[in-house]
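The values are calculated or read from the model by the stated rules, or taken from the named source; none is laboratory data. None of these values were measured; they are calculated from a predicted model. Reconstructed Cβ throughout: ideal geometry from the backbone, glycine too, with neighbour counts over all protein chains shown. The accessibility values were calculated without ligands, DNA or RNA, using every heavy atom of the protein model including side chains. Shrake-Rupley method; radii C 1.70, N 1.55, O 1.52, S 1.80 Å.
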Amino acid sequence: MRLQKFLAQAGVSSRRKAEALIAAGAVRVNGAAVTTLGTGVNPGRDRVEVNGRRVVAEAPIYRLLLKPRACLATLAASRERPTLARFMRDAEPGLTVVAPLDFPAEGVVLLTTDGELAQAIGKKGRVPMTYHLKLQGLVDDDAITRLARGWRWEGRPVKPETVDKLASTERNTWIEMVVAESRPRALKAAGELIRHSLLKISRVRMGGLSFEGLKMGGWRDLTKAEIGDLRRRAGLA
């Protein structure tokens, strides 16, 4: 296994940051500093250290958590506003919140120590996610068609797989959007595109993972089948 992949899967960092650590001489294998990217290691035999601390290849953690509204999507505690720390007490070292939702948004988020998967989902946008969006006003079919064509956000194209109207009143419209996009602010730009304020964001699915069976603030570990499916959707072996 390549050294940077080993570090990413061990939860030390993303693969890109692992490459930076190797290049900086912060990584040792069997006592010798390694600065060459692509160096191979045997997780069961070689001793790998980062900044003097040994890295042990434990099985990565994969958890699905249903984040409530008015909650920061971080495992760090805060005196000012509630965070996920209130639901995930004594979180394991290296556990990262993948595709975090904004403070007012709600829905499923992934917690994992698999740095490679975290990068593939959060930065590369490879996994389709299903959102229920509440928009102000009556959104007509032309606006739905316009959303389906996509838009750009911070220099990156955002192209939904599907956009469907769920329900509407004279005041608001609810739509379901399936899109490989983890940034809630990119969805706010969709509302601005059709001149309807986005009032609420709910992420109901991440890939094949659903919120069903979870109460707000609740979480569960993924099954082996779910882990394999999620990694395949992210383009990983």
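Once the chain from residue 16 to residue 178 is taken as fully extended at 0.36 nm per residue, the excess over their C-alpha distance is 55.5 nm.
Summarising the label geometry, the points placed 7 Å from Cα in the beta-carbon direction at residue 24 and residue 36 lie 2.3 nm from one another. FRET efficiency for the pair residue 56 and residue 192, taken as 1/(1 + (r/R0)^6) with r the Cβ-Cβ distance and R0 = 35 Å, rounds to 0.15. Take every DSSP beta bridge whose two residues both sit in the range 1-148; close to 95 percent of them are antiparallel. For the range 1-99, GluC sites (Glu not before Pro) are listed when DSSP marks them as loop and at most 16 other Cβ atoms sit within 10 Å of their Cβ; the list is 58, 80. The stretch between residue 142 and residue 78, if pulled fully straight at 0.36 nm per residue, gains 18.7 nm over its current Cα-Cα span.
Between residue 185 and residue 171, the modelled labels are 3.0 nm apart [label points 7 Å from Cα along Cα→Cβ].
Rolling a 1.4 Å probe across the protein heavy atoms gives the range 112-237 an accessible surface of 52 Å² per residue.
Across the alpha-carbon set of the chain, the Rg to Rh ratio works out to 1.04, Rh being the Kirkwood radius. For the pair residue 69 and residue 45, how long in nm is the line joining their label points, each one 7 Å along Cα→Cβ? Roughly 5.7 nm, to one decimal. For the set 62, 131, the ranking by accessible area, highest first and with no ligand, DNA or RNA atoms included, is 62, 131 under a 1.4 Å probe. Cross-link partners for residue 123 among the lysines, with Cα-Cα distance under 21 Å and sequence neighbours closer than 8 places in the same chain left out: 5, 17, 67, 159, 188.
Diffusion coefficient (Stokes-Einstein, Kirkwood radius over C-alpha pairs, 20 °C, 1.002 mPa s) for the range 6-63: 186 µm²/s, rounded to a whole number. Taking only the alpha carbons of the range 1-124, we obtain Rg and Dmax values of 16.3, 48 Å in that order. Note on residue 215: aspartates and glutamates with a C-alpha under 18 Å away, same-chain residues under 8 apart excluded, are 106.
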